[in-house]
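Below you'll find the structure, written out as structure tokens, and then a few comments.
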Amino acid sequence: MSLPKVASREEWLVARKELLAEEKAMTRARDALNTKRRELPMVKVDKDYVLDGPDGKVGLLDLFDGRSQLIVQHFMFDPEWDEGCPSCTGAADEMCDGLLRHLHSRDTTFVVVSRAPLAKIERYKTQRGWTFPWFSSNGSDFNYDFNVTIDASVAPVMWNFRTLPELEQHGMGWLGEGSSEQPGCSMFLRDGDAVFHTYSVYARGTEMLGGSYYFLDLTALGRQEEWEEPKGRAANPRAAVPDFSS
């Protein structure tokens, strides 16, 4: 692997400022994209999904755990597998209690759902030392309806919002053969007891998931925060949050 070229401090500063201009442009573009994501229409979920959890059968509304938003990580774990997908496992290893607490403070619940039976999920979860909520959708239409289990014999093939003919044009016609598990993340919002699907992301889109802000940026309500003066600091009516993106 080649190393960056060596330059003087002056040369480095010129190059760094050029890159900073591009970084600021990307930040502004990402903020604009997040706004458009929050403005997407939502679809009411009318089907009564039944999932298996550590405390028994639960519905989609139960997964919210009383909060307004729900993030579902679709973890690839086929019922015939003894272990979960290595890539999904790597991402799950980075989930921590602190991240979950941050999401909870924004009225948002995070859960993981897989098609493997609950017994396999619980065994694997214990083996990995994970603490996040993990439910089984085995026996329900949940994975098929949200396009993370692809099986033409069960439901029309749709992957990353492309139909089978469209997938064939992109060299992915193999998704129409047999059954396969795919990664994804779906967001839901509730209004009372009514549940709405607001967003889903698949394929390489899931690679941008990281800290809690990345997850919150995929939700309908966003980060839900206003600037607050640190505790113990006198309020300054003239103070303003600096806009580092401009």
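The values are calculated or read from the model by the stated rules, or taken from the named source; none is laboratory data. Computed from a predicted model, the values in this text were never measured in an experiment. Backbone-built Cβ (ideal geometry, glycine too); neighbour counts: all protein chains shown.
State whether one or more residues within region 131-138 are modelled with pLDDT of 95 or more, part of a helix (DSSP H, G or I) and aromatic (Phe, Trp, Tyr). No.
Kindly establish whether Lys120 is under 22 Å from the mean Cα position of the chain (by Cα) and in a helix (DSSP H, G or I). Judged against the criteria, Lys120 is not a match. Test Arg16 against the criterion of being part of a helix (DSSP H, G or I) and modelled with pLDDT under 95, and give yes or no. The answer is yes for Arg16.
Okay, residues lined up against (1) closer than 20 Å to Ser136 by Cβ; (2) touching a Leu at 6+ places or on another chain (Cβ under 9 Å); (3) modelled with pLDDT of 95 or more; (4) not assigned by TED's automatic domain parsing to the domain that holds Ser140:
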{"site": "Pro86", "(1), (2), (3), (4)": "yes, no, no, no"}
{"site": "Gly90", "(1), (2), (3), (4)": "no, no, no, no"}
{"site": "Met95", "(1), (2), (3), (4)": "yes, no, no, no"}
{"site": "Leu99", "(1), (2), (3), (4)": "no, no, no, no"}
{"site": "His104", "(1), (2), (3), (4)": "no, no, yes, no"}
{"site": "Phe110", "(1), (2), (3), (4)": "yes, yes, yes, no"}
{"site": "Val113", "(1), (2), (3), (4)": "yes, yes, yes, no"}
{"site": "Ala116", "(1), (2), (3), (4)": "yes, no, yes, no"}
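For region 139-164, a residue qualifies if it is part of a loop (DSSP other than H, G, I, E, B), crowded, with 18+ Cβ neighbours inside 10 Å and among the hydrophobic types (A, V, I, L, M, F, W, C), and the qualifying residues are Phe146, Val148, Val157.
Conditions tested, residue by residue: (1) loosely packed, with under 11 Cβ neighbours inside 10 Å; (2) without any contact (Cβ under 8 Å) to a residue 40 or more places away in the chain; (3) charged (D, E, K, R).
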{"position": "Lys5", "(1), (2), (3)": "yes, yes, yes"}
{"position": "Glu11", "(1), (2), (3)": "no, yes, yes"}
{"position": "Ala15", "(1), (2), (3)": "no, yes, no"}
{"position": "Leu60", "(1), (2), (3)": "no, no, no"}
{"position": "Ile71", "(1), (2), (3)": "no, no, no"}
{"position": "Asp78", "(1), (2), (3)": "no, no, yes"}
{"position": "Trp81", "(1), (2), (3)": "no, yes, no"}
{"position": "Leu99", "(1), (2), (3)": "no, no, no"}
{"position": "His104", "(1), (2), (3)": "no, yes, no"}
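The condition (being over 25 Å from Gln182 (Cβ atoms) and in contact with an Asp or Glu (Cβ under 7 Å, 6 or more places away or on another chain)) is satisfied by just one residue among Arg67, Arg101: Arg67. A count restricted to region 158-185 and to residues that are within 23 Å of Trp81 (Cα to Cα) and of a type in the set (Ser, Thr, Tyr) stands at 2.
Picking from residues in region 191-204 that are part of a strand (DSSP E or B) and under 17 Å from the mean Cα position of the chain (by Cα), the one that is farthest from Gly66 (Cα to Cα) is Tyr202.
A single member of Ala239, Ala235, Ala220 is over 12 Å from the mean Cα position of the chain (by Cα), at pLDDT 50 or above and part of a loop (DSSP other than H, G, I, E, B), and it is Ala220.
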